[in-house]
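The values are calculated or read from the model by the stated rules, or taken from the named source; none is laboratory data. This is a predicted model, so every value here is computed, not measured. Here the Cβ positions follow ideal geometry from the backbone for every residue, glycine too, while neighbour counts run over all protein chains shown.
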């Protein structure tokens, strides 16, 4: 699942029908967007900061048409170096999310319905690089980053600057 930045709409990928849906965050009701031309396992989705919706499974990284649900392959995923060498038999992406600030795409990769690993996906080459440290919890199916906090000046700081500006202005006008 992933929230679209522009309006906060929550999108999800529905299995086993391979459909894209929006989810009502108050009721949990799903509104089907449309059938996806991609079949397979895993099916992580994520919006980047520009609101492009990405989908990944065990074969490819796709972009998803948010009006129809259909997908277009962007790049084939290359699990070879990172996962087959680690003994993975059938790796697939089960969760995706872009890290705020630098747009690095992270993935939860599951192996034969058992161990899960966290990896990054290179959007240009499709290479997956798993983070060292071994497996995470079993069957991780989603990823989410906390939104970046934008620091705002405190109310007292703004008030203080305003009062200083008024004092400076009055001082300049005084004979």
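What is the one condition in (1) without any contact (Cβ under 8 Å) to a residue 40 or more places away in the chain; (2) surrounded by 12 or more Cβ atoms within 10 Å (Cβ to Cβ) that residue 94 does not satisfy?
In the conditions (1) without any contact (Cβ under 8 Å) to a residue 40 or more places away in the chain; (2) surrounded by 12 or more Cβ atoms within 10 Å (Cβ to Cβ), residue 94 misses (1) alone.
Identify all residues within segment 61-73 that are under 16 Å from the mean Cα position of the chain (by Cα), surrounded by 17 or more Cβ atoms within 10 Å (Cβ to Cβ) and under 24 Å from residue 128 (Cα atoms); write none if there are none.
61, 62, 64
What number of residues in segment 1-23 are touching a strand residue (DSSP E or B) at 6+ places or on another chain (Cβ under 7 Å) and farther than 24 Å from residue 91 by Cα?
Count: 8.
Of the conditions (1) at pLDDT 95 or above; (2) within 17 Å of residue 126 (Cβ to Cβ), residue 22 clears all except one; give me its number.
(2)
Conditions: (1) part of a strand (DSSP E or B); (2) surrounded by fewer than 17 Cβ atoms within 10 Å (Cβ to Cβ); (3) at pLDDT 95 or above. Residue 50 meets all but one. Number of the miss?
(1)
Anything in segment 1-47 that is over 14 Å from the mean Cα position of the chain (by Cα), buried (at least 17 other Cβ atoms within 10 Å of the Cβ) and assigned to a loop (DSSP other than H, G, I, E, B)? List them, or say none.
Hits for segment 1-47 are 18, 36, 38, 42.
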